[in-house]
Amino acid sequence: MGKYQLDNKSKTAVAKYHEQNKAVKFNKKQHLEKIRTEYLKKKQKQTDK
């Protein structure tokens, strides 16, 4: 067996940790896209005036 053995409680904690970190990266992309679209809308309103 391996040097480090995890029980079920630790395995779920590790899985939860990795799920949270994956979500952060994905949300960062979505957040940047949202900021970009808001900026473009604002810019469009300024040029329309």
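Readers should treat all values here as calculations from the given coordinates under stated rules, not as data from a laboratory. Note that the coordinates shown come from a computational prediction; the quantities given were computed from them, not determined experimentally. Backbone-built Cβ (ideal geometry, glycine too); neighbour counts: all protein chains shown.
Here are a few things to note about the model shown:
- 0 to 90° range, to nearest 10: angle between helix 8-48 axis and the chain longest Cα axis: 0 degrees
- Pair K28, K41: separation of 7 Å Cα→Cβ label points (nm): 2.5 nm
- Estimated [θ] at 222 nm from DSSP helical runs (n ≥ 4, -39500 (n - 2.57)) normalised by residues in the chain, nearest 500: -31000 deg cm²/dmol
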